Amino acid sequence: MHEGNERRKRILEGFFFAFVLITIAVVGIGLGVRRWLPPLASEHGAGIDRMIHYLLITVGALFILGHVVLGYFIWRFSRQERITYRLASARAEKLWSLIPGIVMALVAEGGVLVIGLPIWQKYYLHPAPPDAVLVEVTAEQFAWNIRYPGADGRLGRTDPQLISYENPLGIDVRDPASRDDIVQLGVMYVPVGRPIHVRLRSKDTLHSFFLPHFRVKQDAVPGMTIDIWFTPTQTGEFEIACAELCGFGHFQMRGVLRVLPLEEFERWLTAQPAFSP
Amino acid sequence: MAGKPSVHTHAEPTSFWRRYIFSTDHKVIGIQYYLTAMGMALVGGALAMLIRLQLGWPDEKWPLLAKIFPRGMSGGVMNPDFYLALITMHGTLMIFFFVSLGLVSGFGNYLLPLQIGARDMAFPFLNMLSYWTVVPACVIMLASFFVEGGAAASGWTAYPPLSAVEQAVPGSGLGQTLWILGMALFIASFTMGGLNFVTTILNERTRGMSMMRLPLFIWTLLIASILGLLAFPPLTAAAILLLFDRHGGTSFFLPSGLYFGERVLPHSGGSPLLWQHLFWFLGHPEVYVLILPALGIALDLLPPFTRKPIFGYRLTVYSLFAIGVLSMIVWGHHMFVSGMNPYVGEFFAIGTLAITIPSAIIGFNLIASLWGARLQLRTPALFALGSIAFFGTGGLGGVFLGNATSDIQLHDTYFVVGHFHFMIGGVTLLAILGGTYYWFPKMFGRMMNERLGKIHFWLTFIAFYAVFLTQHFLGFGGMPRRYYAFSKFEFLAPIRDMNAFISVAAFVLGAAQLLFLFNFFWSLFRGARAEQNPWRAATLEWVAPTPPPHGNWGETVPEVHRWPYDYSVPGAPEDFTPQTVPPTVVEVTR
């Protein structure tokens with residue numbers, strides 16, 4: 001009698017474990033099919049989204065399969081009174097291990113080699129196209145400074161020793177290239193459909209230039225100038241967030257990115273006064 | 001000499017101090033480490049609760065907490081500096097002072113000599129020294145909360161310039177200096193421990209205990225110790241260089257032109273990326289230093305409750321080695337968007353994703369070990385099975401992050417937070433807890449309460465998924481980590497309310513651990529007396545008397561004749577055959 005109760009309890013517990021694992025798999029599907037990524041607004045972002053969606057489907061399938069199989073095994077083998085399989089031969093162990101090995105080689109390595117790295121190479125290993133619009137972004141605690149080169153297409157020299165309240169970037173006015181530079185604080189204007197070449201710098205700590213809708217994220221490192229580029233595909237107002245811990249104001253280091261039609265952008269740019277301290 | 005391990009035996013010290021405080025007995029040291037780790041976990045857990053309180057309800061006021069933290073929560077509102085100190089110290093305490101100390105030093109010290117048939121560690125005095133080096137490290141870390149400016153606030157990764165320049169963040173004053181000193185002491189201690197583990201495993205195995213007869217937990221300890229010995233010294237060096245940059249005016253990590261507090265700092269020529277390389281050269285192997293022993297415990301907890309051998313012992317050992325080797329050359333996957341050369345990023349992406357292959361083999365072997373079992377869902381088995389699920393979930397999340405292309409969007413978001421909590425938080429937590437339920441009778445001679453244990457497991461398991469699986473999806477939404485609040489950004493508006501749900505689940509997770517704490521101390525004094533081998537297990541530690549005496553084995557050390565997983569051998573009198581049973585009595589099947 002007592003043993004029957006024990007057995008029933010064990011079967012119930014195995015069933016419950018399986019139920020929980022399968023519920024997790026179902027909740028995983030429910031969460032996975034929801035649209036989480038911020039709406040896409042850049043050209044190369046389509047490639048990044050393709051990579052993420054490929055992984056969501058393949059890795060998501062393995063997540064579901066793993067939980068269901070584990071649940072099934074727990075349910076099935078908690079009912080058994082004696083073992084039905086003991087020891088695999090060395091050969092069988094090797095053959096079976098080919099399954100996880102090959103699956104991961106295809107899903108993980110295959111994914112990055114076939115889909116991931118071509119996108120990575122296109123945007124990181126190639127310089128910005130020659131028709132790109134140059135914008136310098138200089139991060140500081142806790143703001144984004146934006147600078148355009150003006151009509152000469154060249155950014156003026158800067159020197160940290162020249163930084164002051166009126167000259168937050170330390171622009172050297174003796175450099176002729178600086179005379180038509182345009183400086184903005186916190187709002188970055190760019191045209192749609194043209195590559196944007198961002199020269200990223202930092203005045204103090206690490207920051208990270210994160211455009212969630214554009215799938216752009218790049219750390220700004222003091223002492224380094226890092227060049228990245230992207231092409232906006234949507235007009236509108238978007239946000240710039242900081243994604244690398246930079247101090248107590250990290251969470252409110254917000255900038256705005258305004259993507260305008262090309263003519264409107266050019267009109268805006270010509271209307272801006274050149275920098276003068 | 002004459003190769004007899006019994007030369008190590010000497011009389012048990014009789015004074016209280018030499019027996020329980022400054023003991024050289026690996027079992028006492030193991031329990032000291034374990035209890036220290038649990039104490040640090042309580043602090044680290046309390047910090048996590050405060051973090052979740054802030055993130056769940058960023059606009060609420062908590063007047064009661066203002067009384068406890070007059071500076072950090074003045075007026076009942078959390079100060080952003082205090083928040084950064086909380087996340088920094090939560091990470092540091094949990095990774096280095098809870099999981100490393102509890103899992104590797106705690107269980108490692110207690111079990112290693114018992115499972116290989118030794119009387120003690122190879123260097124008992126070094127063992128004691130390693131424990132008494134980590135105690136001041138703990139004190140220094142905890143003390144840093146009470147100094148001016150508060151504890152370190154540059155994240156557990158301590159990236160300069162934030163960690164190097166005092167003006168950068170309030171915690172970058174004395175708090176950061178103490179953090180560096182605490183870490184240096186911790187590393188010194190952990191290095192002593194690692195040397196001791198490697199030497200003991202290689203030299204102190206009893207007669208018949210060949211390497212391929214070691215329990216998998218010992219294998220994982222060996223590989224983890226080697227990794228620790230290789231990876232920790234660069235961080236020590238980096239920490240000392242950081243100390244020089246902070247107090248000696250050097251510029252290892254600081255470039256020229258840093259502008260802080262209305263003036264340009266006199267540094268020049270250094271690179272913040274150098275620190276990141278040195279940190280992650282440790283940081284990534286450290287992940288495996290923690291996760292491998294956790295997997296070792298999961299693998300070793302299965303056979304007593306499936307009543308059959310583990311599946312794929314050899315391939316698991318080879319896979320562990322492959323993971324160990326690969327883990328040394330993938331640190332750069334933490335730096336895909338750091339400004340590191342993108343060519344190097346490709347190498348690190350390919351290397352990182354190669355780790356999924358041996359990892360998947362281990363995961364597969366764990367699940368396959370259930371095939372044909374007579375599964376008994378006792379509390380330790382629940383935790384072992386739960387850690388398989390966590391390992392799968394965490395490991396699969398890693399495929400998104402090791403892939404440089406998808407990492408661009410997910411880097412430094414809550415996807416990363418969810419992922420690493422499953423791996424170095426979840427698999428390790430379940431291994432420590434499951435290991436406690438399993439070896440408690442060996443350590444203290446009493447059983448822990450089974451019903452409380454099961455409730456504890458289910459609350460922990462379900463709440464953990466609710467917290468950290470959800471966080472993965474917030475990461476897809478772009479929610480950055482280390483944010484004090486998510487109210488400043490419109491793009492986070494559709495998802496930020498989920499933080500209240502996550503916080504409630506986190507509180508359930510935290511409260512469930514109090515149940516464990518109660519069970520632990522209640523069972524210590526009131527638990528049912530344990531038999532010598534309550535789980536009917538085949539590994540060597542259960543052959544020793546319970547609790548084992550000084551020197552572990554009495555007059556003669558045991559001799560080993562078989563691997564540790566001889567369960568349900570056909571024709572054997574019992575469904576488990578201890579490693580000491582000679583082949584003349586029960587046939588050796590492997």
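Where a number appears in this text, it was derived from the coordinates with a stated rule and is not lab data. In this text, all values refer to a predicted model and were calculated from it rather than measured experimentally. Cβ coordinates were reconstructed from backbone atoms using ideal geometry, including for glycine residues, and neighbour counts include every protein chain displayed.
For segment B:545-574 and segment B:206-224, write down the distance between their C-alpha centroids in whole Å.
15
What are the residues whose amide H is under 5 Å from the amide H of A:Asp227, where those residues sit 5 or more places off or on another chain and H is modelled from the backbone?
HN-HN under 5 Å from A:Asp227: A:Leu200.
If amide hydrogens are placed 1.01 Å from N in the peptide plane, which non-local residues have theirs closer than 5 Å to the one on A:Ser208?
It is A:Ala220, A:Ala243, A:Glu244, by chain and number.
Provide the per-residue ³J(HN,Hα) series for segment B:167-173, in order, calculated from phi with Karplus coefficients 6.51, -1.76, 1.60 and θ = phi - 60°, each as a whole number of Hz, with x at glycine and proline positions.
These are the phi-based 3J(HN,Hα) values: 6, 5, 7, x, x, 7, x Hz.
So if R0 is 60 Å, what FRET efficiency would B:Phe22 and A:Gln121 give, r being the distance between their Cβ atoms, rounded to the nearest 0.05? Intermediate values should be presented prior to the final figure.
Working: r = 59 Å, r/R0 = 0.99.
That pair, B:Phe22 with A:Gln121, gives E of 0.50.
For the pairs A:Lys94/B:Lys442; A:Lys203/B:Lys488; B:Lys27/B:Lys454, note any where the Cα-Cα span goes beyond 29 Å.
Working: A:Lys94/B:Lys442 35 Å; A:Lys203/B:Lys488 23 Å; B:Lys27/B:Lys454 27 Å.
Correct reply: A:Lys94/B:Lys442.
With θ set to phi - 60°, apply the Karplus curve 6.51 cos²θ - 1.76 cosθ + 1.60 along segment B:289-304 and write out the HN-Hα couplings as whole Hz, x wherever there is a Gly or Pro.
Taking θ as phi minus 60°, the curve returns 4, 8, 6, 5, x, 5, 5, x, 5, 4, 5, 7, 7, 5, x, x Hz for segment B:289-304.
Rounded to whole Å, give me the distance from the Cα center of segment A:38-53 to that of segment B:473-524.
Cα centroid to Cα centroid, the span is 28 Å.
Could you give me the ³J(HN,Hα) list for segment B:259-271, computed from phi with Karplus coefficients 6.51, -1.76, 1.60 and θ = phi - 60°, whole Hz, x at Gly and Pro?
10, 9, x, 6, 8, 8, 6, x, 6, 6, x, x, 9
Just tell me how shielded A:114-120 is by partners: mean number of partner chain Cβ atoms within 10 Å of each residue's Cβ, no decimals.
Taking the mean over all residues of the peptide, I get 5.
Kirkwood-based Rg over Rh for the protein assembly as shown (C-alpha set), two decimals? Numbers along the way, then the final one.
Details: Rg = 28.4 Å, Rh = 28.5 Å.
Here Rg/Rh amounts to 1.00.
Once the piece of chain linking B:Leu517 and B:Ala143 is laid out straight, how much longer is it, given 0.36 nm per residue of separation minus the C-alpha distance between them?
Working: separation 374, 0.36 × 374 = 134.64 nm, distance 2.42 nm.
Roughly 132.2 nm would be gained on extension.
With unit charges on the beta carbons (Lys and Arg positive, Asp and Glu negative) and the dipole taken about the Cα centre of segment A:133-271, which residue among A:Leu260, A:Trp229, A:Ile240 sits farthest to the positive side?
Value: A:Trp229.
Rounded to the nearest Å, what's the spacing between the alpha carbon centres of segment A:155-211 and segment A:225-260? Just the number, please.
So the two Cα centres are separated by 14 Å.
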